[in-house]
Structures are given as C-alpha cells and as structure tokens.
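Heads up, the thing below is written out as structure tokens.
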Amino acid sequence: MRVGIVSDIHGNWEALSAVSSALEKERVEEVWCLGDIVGYGPDPQECIKWVKQNCRLTVCGNHDKAVCREEEATFFNHIARKAIMWTCEQLSEEEIRFLDSLPYTISLGEILLVHSSPESPRSWGYILNEWDAERAFENCEERLIFVGHTHRPQAYEYRAGEALRSEFPVTIKLNIRYLINPGSVGQPRDRDPRASFGILEDETFRLLRVEYDIEKTQAKMYERGLPEHLAKRLEIGA
Ligand code: ZN
C-alpha cells in the first residue's frame with residue numbers, strides 16, 4: 001500500500017494544497033496526519049476540512065490541543081499564543097470538537113503514530129537527536145514510529161539498543177526498528193522552505209519536498225493580523 005504521511009500543516013493552505021496535488025500525482029491510497037493541523041497559519045478552517053476529507057488516521061498535536069484547552073497554551077511563547085488565540089476565534093464549535101477528539105497516539109500493531117514522542121505523548125517532548133530517539137524506541141513496542149513536532153525531517157534506526165541516524169529514502173529492513181519524522185508541511189524548520197512530507201510504500205519511506213506560493217500565505221498572515229515573525233520565518237524555512 002502507498003501511504004502519504006503529513007505533519008505540522010499549521011493552517012498553511014497554500015503549502016497543503018501543493019502537497020495535496022503531489023499526493024494525488026503519486027496516487028497514494030491513503031493519508032495519515034501526525035498533528036498540528038492549526039496554529040501559526042492563516043487558514044485553519046480549510047486545513048481542518050482537508051484533513052477530515054483526506055486523512056484516514058490523524059493524531060493531535062500540541063497546537064490542536066491548545067486551541068481547545070486554554071491551559072494547554074500556557075507553555076507557548078507569546079507569539080505562538082497570539083496565533084492560537086486568533087485561530088480559536090476563527091473556528092466553529094464543531095471544528096474545535098473535531099480537534100479535541102483526536103487521539104494522542106494511534107497504534108496499528110507494527111506502526112505507531114504520535115505527534116511528539118512515544119515516551120511523553122501528552123507532555124510534548126521533542127525528538128531532536130539520537131538520545132531522544134533511543135528513549136522513544138525504549139518506550140514503545142512498535143517497529144515503525146512516525147512522529148512530527150520538530151518540523152525537521154529526520155530518520156533513525158534502532159540496532160542493538162542504539163539509535164543511529166538514517167538517510168532518506170529509508171529502506172525498511174526486517175527486524176530493524178525505525179523512527180521517522182516527515183518534516184512539516186506548513187512551517188519547515190530545516191532551512192528548506194519547501195513543504196515537506198513523505199510516502200511509505202512497502203519497504204521504503206521517501207521524503208518529498210514541494211514548492212508553494214509562500215508570498216500568498218505571508219500576505220494573508222499580514223492581512224489577518226498574525227505576528228510578522230511567523231510570516232517571515234516561512235521564507236527561510238527556520
Ligand atoms: Zn508543529
């Protein structure tokens with residue numbers, strides 16, 4: 001089966017529609033979403049609608065939770081919090097209920113989907129290096145772990161109790177465990193501003209990048225009064 005994996009869309013409709021076209025061209029049979037559908041970007045409603053229509057499986061991200069529950073936003077910096085408050089005002093009760101209903105983790109037996117980390121799905125820990133990845137492997141049973149949250153595409157494999165970095169495309173070998181982050185659709189932070197996502201097919205995970213109309217997203221953010229810093233960072237991918 002060919003599965004598209006998206007994460008950290010963050011209300012960026014231009015980025016998401018470019019990814020959506022790419023997924024169609026790749027003829028994926030289904031799409032999984034690793035959370036943070038909203039927050040930061042100017043089109044939360046369009047992005048929620050797309051996820052509802054296109055994603056068979058979706059876990060919640062910290063921004064999705066923060067829109068629903070004020071206490072979840074206390075750990076956000078003031079810029080992110082401003083965007084969360086703006087997002088909350090745009091959404092209908094039904095859309096908020098949808099975000100609030102999303103699970104923290106989904107296990108498919110061999111595969112685990114989680115926004116932050118298997119070790120602390122509710123306290124939003126980051127997997128930034130081999131040590132974080134090792135803890136993640138030690139705290140779940142699944143062979144293939146998909147995470148988002150850092151907005152950086154990364155892959156690790158786990159052999160003999162040690163996590164090692166893997167290159168894309170990842171060739172998935174039998175008896176080895178993998179942890180893969182497909183990067184962010186709507187706010188990449190690896191110095192590549194193109195939207196990032198991945199495709200899992202049989203024994204391979206491919207990372208894909210697509211260009212989108214960044215200026216259009218930025219113009220909407222300025223027009224809708226979202227913090228300038230959030231618009232600026234899109235063009236440098238950081
Ligand atoms: Zn995020």
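Peptides 157-166, 35-44, 188-197, 9-18 ordered by packing proxy, namely the average of other Cβ atoms within 10 Å per residue, highest first: 35-44, 9-18, 188-197, 157-166.
Computed from Cα atoms, the angle from the helix 78-90 axis to the main principal axis of the chain rounds to 70 degrees.
First obtain the Kirkwood hydrodynamic radius of the chain from its Cα pairs, then insert it into the Stokes-Einstein equation at 25 °C and 0.890 mPa s, and state the resulting D in µm² per second as a whole number. Provide the component values of the computation, followed by the final result.
On the way: Rh = 17.5 Å.
Taking Rh from Cα pairs, D becomes 140 µm²/s.
How big is the gap, in Å, between the Cα center of segment 99-158 and the Cα center of segment 197-230? The distance from the Cα centre of segment 99-158 to that of segment 197-230 comes to 21 Å.
For residue 35, what charge total do you get from the other residues with a beta carbon under 10 Å from its beta carbon, if Lys and Arg give +1 and Asp and Glu give -1?
Working: positive: 65; negative: 8, 36, 64.
Counting the neighbours of residue 35, the net charge comes to -2.
Does segment 23-162 classify as rounded, prolate or oblate by the C-alpha gyration tensor (a ≥ b ≥ c root eigenvalues; a/c under 1.5 gives rounded; else a/b over b/c gives prolate, otherwise oblate)? Can you show the working numbers first?
Numbers: a/c = 2.09, a/b = 1.40, b/c = 1.50.
Since a/c reaches 1.5 but b/c is at least a/b, the shape of segment 23-162 is classed as oblate.
In the structure shown, the pairs 49/220; 82/220; 82/216; 65/173 are assessed against 26 Å; a Cα-Cα span above that value is assigned to 65/173.
On average, how much accessible surface per residue is there in segment 3-235, in Å², for a 1.4 Å probe, leaving out ligands, DNA and RNA?
Numbers: 10490 Å² over 233 residues.
Per residue, segment 3-235 has 45 Å² of solvent-accessible surface.
With the helix formula -39500 (n - 2.57) applied to DSSP H stretches of n ≥ 4, the chain reaches a computed 222 nm mean residue ellipticity of -10000 deg cm²/dmol.
Normalising the average separation of contacting C-alpha pairs (under 8 angstrom, six or more residues apart) by the number of residues puts the relative contact order of the chain at 23 percent. Ranking 221, 1 from most to least accessible surface, computed with a 1.4 Å probe over the protein chains only, gives 1, 221.
With both residues required to sit in the chain, DSSP beta bridges show an antiparallel share near 65%.
The values are calculated or read from the model by the stated rules, or taken from the named source; none is laboratory data. Bear in mind that the values here come from a model prediction, so they are computed numbers and not experimental data. Every residue, glycine among them, receives a Cβ derived from its backbone with ideal geometry; neighbour counts consider all protein chains shown. The area values use the complete protein model at the heavy-atom level, side chains included, leaving out ligands, DNA and RNA. Shrake-Rupley method; radii C 1.70, N 1.55, O 1.52, S 1.80 Å.
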